[in-house]
Structure formats: structure tokens, C-alpha cells
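Scroll down for the structure; my scribbles are underneath it.
Laboratory data are not the source of any read-out in this text; all were calculated from the coordinates shown. This structure is a prediction, so every number in the text was calculated from the model and none was measured. All Cβ positions, glycine included, derive from the backbone under ideal geometry; neighbour counts span all protein chains shown.
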Amino acid sequence: MLVADDEPPIRLLCQVNLAVAGMEVLQAADGAEALALTRAEKPDLVLLDLMMPKLNGYEFIDQVGRLEMKRPHIIVFTAAGKRGVDKIQPDSICASILKPFDLEKFIELIGECLDHDGMPHQSSQA
């Protein structure tokens with residue numbers, strides 16, 4: 001699993017809580033680093049902030065769609081709510097969640113995305 005967010009406290013919060021749930025977590029501080037890690041590590045799930053330096057979340061989603069590999073499920077963090085998510089093709093992400101998020105609902109959302117077979121689906125928590 002990859003957490004891509006330019007805010008260190010968000011990355012740390014995700015890593016600690018997901019590690020407690022038994023998940024291995026990689027971290028990226030910007031979209032370019034996230035794309036490089038996605039190419040190299042091929043994570044099943046990417047937790048993605050939309051507003052990041054170097055390559056924003058929208059650009060990351062576009063670039064991942066062009067990779068010749070199984071596309072990871074993507075959960076988008078958004079501070080803009082539905083307005084920010086509406087700019088994304090629905091079949092490009094698994095779900096979205098509004099910042100700040102409830103950790104219990106967040107872990108539940110990750111489970112739903114990882115349990116889903118086939119293409120990612122849209123189920124918004126924003």
C-alpha cells in the first residue's frame with residue numbers, strides 16, 4: 001500500500017494505523033515520488049492526496065492510467081469534497097474520503113476497496 005500526501009502528519013497517521021492493522025505501507029511526499037514508487041513497487045492500493053507538489057493527484061491518476069500494468073485501487077483524500085472528486089473519471093478511483101477523516105471509516109473503506117475484484121469502483125465518503 002502506498003500513502004501519497006505532502007503532509008507528513010497525514011502520512012505518519014496512515015502508516016501507524018495501517019501497520020497496526022497488519023498492512024505494509026510505503027510513503028511518498030509528492031506525486032512524482034508516488035508515481036515512481038507505483039512503477040517500482042506496484043502497490044495494490046494508493047491513498048492519494050489530490051493537492052501535492054511536483055505532480056498533483058489528478059496528474060498522478062492520469063499517468064497511472066497510462067502505465068502498462070495492473071492499475072492499483074486508488075482512494076483519494078480531498079479537502080474540497082465532492083467538488084474535487086467530480087473532476088476525476090469515476091472508474092479511475094475506488095473511493096474518496098474527506099479530510100479530516102474518521103480512522104474507523106477510513107480502515108473500513110480500505111477493506112472495501114481491497115476486497116473488490118476487477119476494476120476499481122466509485123463509492124464516495126466525501
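Structure data summary
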{"read-out": "Size of electric dipole in the range 2-124: Cβ of Lys, Arg +1 and of Asp, Glu -1, about Cα centre, debye, nearest 20", "value": "280"}
{"read-out": "The chain: most fluctuating residue of Ile107, Ile61, Ile93 per GNM, C-alpha cutoff 10 Å", "value": "Ile107"}
{"read-out": "Residues in the range 52-83 reached by a label modelled at Lys42 [backbone nitrogen below 18 Å; 7 Å Cα→Cβ]", "value": "64-74"}
{"read-out": "Reach of Lys42 by Cα under 26 Å, taken over lysines that are not fewer than 8 positions away in the same chain", "value": "Lys54, Lys70, Lys87, Lys99, Lys105"}
{"read-out": "The range 2-124, relative contact order in percent, only Cα pairs under 8 angstrom and at least six apart counted", "value": "21"}
